[in-house]
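A.B. asks: Here you go, one structure.
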Amino acid sequence: MSTLFDPVQAGDLKLANRIVMAPLTRNRSPNAIPTALAPTYYAQRASAGLLITEATAISQQGQGYADVPGLYGTEQLDGWKKVTDAVHAQGGKIVVQLWHVGRVSHTSLQPGNGQPVAPSAITAKTKTVLIHDGVPTFTETSEPRALDAGEIPGIVHGFATAARNAVETAGFDGVEIHGANGYLLDQFLKDGSNQRSDDYGGSIENRARFLLEITRAVADAVGARRTGIRLSPVTPANDVHDSNPQPLFTYVVKELAKLDLAYIHIIEGATGGPREIADRPFDYEALKAAYREAGGKAAWMVNNGYDRPLAEEAVKEGDDLVAFGKPFISNPDLVRRLREHAPLNELDKATLYGGGAKGYTDYPALA
Ligand code: 8OZ
């Protein structure tokens, strides 16, 4: 019987344990470039079986928040190379999360101060974070414009290019496609945000087309066995909803099963919130079973509100990996603390987004 602390294989990634650091946005990368603190921050946490970076924009159009990093400029890639070197020096493994926010953006962040893009011209009832005079400020997202079908191949290509640069230039062990939390891929999947009448809207097959094209293109660019994907079937994050998520996500994972991916990463419930949502029921065991029945071999990663007992239970029941978010911010040595049943440092919410070393690289490890 496997435990949380046993090694596991995820595609080509040989992981020392089943504890994963979830992607965590920290808004500490001015001009989209990871700063000199980022290698320290990630290396401090390198005892995780796998580190997933904070969401990282594949293009300027994919940017939606102040001071989040990118993968589309030389200095950005150089900044990330220092991170991957520092993590590898500690014996860790790290993948980068590939991000396009779609409509969750603001004109001030877009190329030429243009409108953000989306499957349909429906504004998300959500806020983004801009930084004014050094102060993080929650701001309504801007009204998006619907992508022209002719623009879609360029975005698919953008994901593949970012993935290739991440692995070949920045030294990442692999990539995770951000298909969750109400960002562009999730906006296409769900019928609350996708009201297109072309090949990318309407039926489940059509709404899943964009995500699947991106996944195939990224897998072709860096190898399927270095590619993971994150999905959030029912999260209300960023104002997404779907009228019938179970068949939608069953179709998605059955299609993903045809690729030899490294891992499938599932957010259960509301991102960063309750694991059960009364009016959005979802059967995650059935989803995993559908993936396995379709021949899917990827490691199955679960996330959202896990503590040690719940995580041990998940691994016992056949989940391969458990991603921890906030506990990893305040506990760089989370793996050791879980193993030794040691108490956890508390999270300082005031230093989550933006700022410098405080609340970033200064959380203490056990002596
Ligand atoms: C928190 C703040 C800003 C962005 C996500 C990338 O929810 C995010 C995010 C989280 O996936």
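The values are calculated or read from the model by the stated rules, or taken from the named source; none is laboratory data. Quantities reported herein were computed from a predicted structural model and do not represent experimental measurements. We place every Cβ from the backbone using ideal geometry, glycine too, and count neighbours over all the protein chains shown. Note: areas computed on protein heavy atoms with side chains; ligands, DNA, RNA excluded. Shrake-Rupley method; radii C 1.70, N 1.55, O 1.52, S 1.80 Å.
A.B. asks: Is there a residue in the stretch 63-78 that is hydroxyl-bearing (Ser, Thr, Tyr), more than 15 Å from Val175 (Cα to Cα) and away from the ligand (no atom under 13 Å from the Cβ)? So that I can check it myself, show each step before the final result.
C.D. replies: Just the residues of the stretch 63-78 that are hydroxyl-bearing (Ser, Thr, Tyr), to begin with: 65, 72, 74.
Now restrict to residues that are more than 15 Å from Val175 (Cα to Cα): 65, 74.
Pick out the ones that are also away from the ligand (no atom under 13 Å from the Cβ) and you get 74.
So far as the stretch 63-78 goes, yes, one or more of its residues are hydroxyl-bearing (Ser, Thr, Tyr), more than 15 Å from Val175 (Cα to Cα) and away from the ligand (no atom under 13 Å from the Cβ).
A.B. asks: Of the residues in the stretch 264-287, how many are of a type in the set (A, V, I, L, M) and in a loop (DSSP other than H, G, I, E, B)? Can you show your working first?
C.D. replies: To start, the set of residues in the stretch 264-287 that are of a type in the set (A, V, I, L, M) comprises 264, 266-267, 270, 277-278, 286-287.
Filter once more, keeping what is in a loop (DSSP other than H, G, I, E, B): 270, 277-278.
Number satisfying all stated conditions: 3.
A.B. asks: Still on this model: Filter the stretch 106-142 down to residues that are in a loop (DSSP other than H, G, I, E, B) and either farther than 21 Å from Val68 by Cα or within 22 Å of the chain's Cα centre (by Cα) (or both), then give me how many there are. Show your work before the answer.
C.D. replies: Of the stretch 106-142, the ones in a loop (DSSP other than H, G, I, E, B) are 106, 110, 114-116, 119-126, 133-134, 141-142.
If we keep only those that are either farther than 21 Å from Val68 by Cα or within 22 Å of the chain's Cα centre (by Cα) (or both) too, we end up with 106, 110, 116, 119-126, 141.
Adding up the residues that qualify gives 12.
A.B. asks: What pairs come up if the first residue lies in the stretch 24-40 and is without any contact (Cβ under 8 Å) to a residue 40 or more places away in the chain, the second is within 12 Å of the ligand (Cβ to nearest atom), and their beta carbons are under 7 Å apart, counting only those six or more places apart or on different chains?
C.D. replies: As it stands, the answer is Pro30/Asp67, since those pairs meet every condition given.
A.B. asks: Could you figure out which of (1) buried (at least 21 other Cβ atoms within 10 Å of the Cβ); (2) farther than 19 Å from Val117 by Cβ isn't true of Arg207?
C.D. replies: (2)
A.B. asks: Report, by residue number, each residue of the stretch 176-201 that is of a type in the set (A, V, I, L, M, F, W, C) and away from the ligand (no atom under 15 Å from the Cβ).
C.D. replies: In the first step, residues of the stretch 176-201 are kept if they are of a type in the set (A, V, I, L, M, F, W, C); the result is 177, 180, 184-185, 188-189.
Selection gives Phe188 alone.
A.B. asks: Would you check which residues across the stretch 67-107 are aliphatic (A, V, I, L, M) and either at pLDDT below 95 or open to solvent by 10 Å² or more (accessible area, probe 1.4 Å) (or both) and list them? Working first, answer last.
C.D. replies: First, pick out the residues of the stretch 67-107 that are aliphatic (A, V, I, L, M): 68, 71, 77, 83, 86-87, 89, 94-96, 98, 101, 104.
Leu77, Ala86, Ala89 - these are the residues of the stretch 67-107 that are aliphatic (A, V, I, L, M) and either at pLDDT below 95 or open to solvent by 10 Å² or more (accessible area, probe 1.4 Å) (or both).
A.B. asks: What are the pairs, 6+ residues apart or on separate chains, where a residue within the stretch 317-342 that is open to solvent by less than 40 Å² (accessible area, probe 1.4 Å) has its Cβ under 7 Å from a residue that is of a type in the set (Ser, Thr, Tyr)?
C.D. replies: Short answer, once both residue conditions are applied: Leu321/Tyr263; Val322/Tyr306; Phe324/Tyr306; Ser330/Tyr363; Asn331/Tyr363; Pro332/Tyr363; Asp333/Ser47; Val335/Ser47.
A.B. asks: Further, regarding this structure: With the structure loaded, tell me whether Ile122 is open to solvent by less than 30 Å² (accessible area, probe 1.4 Å) and either within 19 Å of Gln187 (Cβ to Cβ) or modelled with pLDDT of 95 or more (or both) or whether it fails that test. Lay out the reasoning, then the answer.
C.D. replies: On the way: open to solvent by less than 30 Å² (accessible area, probe 1.4 Å): no; either within 19 Å of Gln187 (Cβ to Cβ) or modelled with pLDDT of 95 or more (or both): yes.
In short, no.
A.B. asks: So, one more: Could you run through the stretch 288-328 and say how many residues are among the acidic types (Asp, Glu), in a helix (DSSP H, G or I) and over 21 Å from Gly272 (Cα atoms)? Working first, answer last.
C.D. replies: In the first step, residues of the stretch 288-328 are kept if they are among the acidic types (Asp, Glu); the result is 293, 307, 312-313, 317, 319-320.
Filter once more, so that each one left must be in a helix (DSSP H, G or I): 293, 312-313.
If we keep only those that are over 21 Å from Gly272 (Cα atoms) too, we end up with 293.
Going through the stretch 288-328 one residue at a time, the tally reaches 1.
A.B. asks: Is there a residue being β-branched (Val, Ile, Thr), modelled with pLDDT of 95 or more, crowded, with 24+ Cβ neighbours inside 10 Å and away from the ligand (no atom under 16 Å from the Cβ) anywhere in the stretch 8-22? First the steps, then the outcome.
C.D. replies: Going residue by residue through the stretch 8-22, those that are β-branched (Val, Ile, Thr) are 8, 19-20.
Filter once more, keeping what is modelled with pLDDT of 95 or more: 8, 19-20.
Add one more test, that the residue is crowded, with 24+ Cβ neighbours inside 10 Å, and what stays is 19-20.
Adding the requirement that they be away from the ligand (no atom under 16 Å from the Cβ) leaves 19.
Yes, that holds for at least one residue.
A.B. asks: Could you please let me know if Ala48 is buried (at least 22 other Cβ atoms within 10 Å of the Cβ), within 18 Å of the chain's Cα centre (by Cα), in contact (Cβ under 8 Å) with a residue 24 or more places away in the chain and within 16 Å of the ligand (Cβ to nearest atom)?
C.D. replies: Details: buried (at least 22 other Cβ atoms within 10 Å of the Cβ): yes; within 18 Å of the chain's Cα centre (by Cα): yes; in contact (Cβ under 8 Å) with a residue 24 or more places away in the chain: yes; within 16 Å of the ligand (Cβ to nearest atom): no.
Spelling it out, it is not the case that Ala48 is buried (at least 22 other Cβ atoms within 10 Å of the Cβ), within 18 Å of the chain's Cα centre (by Cα), in contact (Cβ under 8 Å) with a residue 24 or more places away in the chain and within 16 Å of the ligand (Cβ to nearest atom).
A.B. asks: To continue, here is another question. Considering the stretch 329-367 alone, what residues qualify as being touching an Asp or Glu at 6+ places or on another chain (Cβ under 7 Å) and part of a loop (DSSP other than H, G, I, E, B)? Outline the logic, then answer.
C.D. replies: In the first step, residues of the stretch 329-367 are kept if they are touching an Asp or Glu at 6+ places or on another chain (Cβ under 7 Å); the result is 330, 354, 359, 365-366.
Answer for the stretch 329-367, where residues must be touching an Asp or Glu at 6+ places or on another chain (Cβ under 7 Å) and part of a loop (DSSP other than H, G, I, E, B): Gly354, Gly359, Ala365, Leu366.
A.B. asks: A follow-up question, please. Taking the condition of being farther than 26 Å from Ser330 by Cα and within 15 Å of the ligand (Cβ to nearest atom), how many residues in the stretch 51-62 meet it?
C.D. replies: Counting residues in the stretch 51-62 that are farther than 26 Å from Ser330 by Cα and within 15 Å of the ligand (Cβ to nearest atom) gives 2.
A.B. asks: For the stretch 229-277, enumerate the residues that are among the basic types (Lys, Arg) and free of Cβ contacts under 8 Å to residues at least 12 places away in the same chain.
C.D. replies: Taking the stretch 229-277 first, the residues among the basic types (Lys, Arg) are 230, 254, 258, 275.
Once the filter is applied, which keeps residues that are among the basic types (Lys, Arg) and free of Cβ contacts under 8 Å to residues at least 12 places away in the same chain, the stretch 229-277 yields nothing.
A.B. asks: Return the only residue of Arg145, Arg207 being away from the ligand (no atom under 16 Å from the Cβ), closer than 19 Å to Glu255 by Cβ and basic (Lys, Arg). Break it down stepwise before answering.
C.D. replies: Working: Arg145 fails: closer than 19 Å to Glu255 by Cβ.
That would be Arg207, the only listed residue that is away from the ligand (no atom under 16 Å from the Cβ), closer than 19 Å to Glu255 by Cβ and basic (Lys, Arg).
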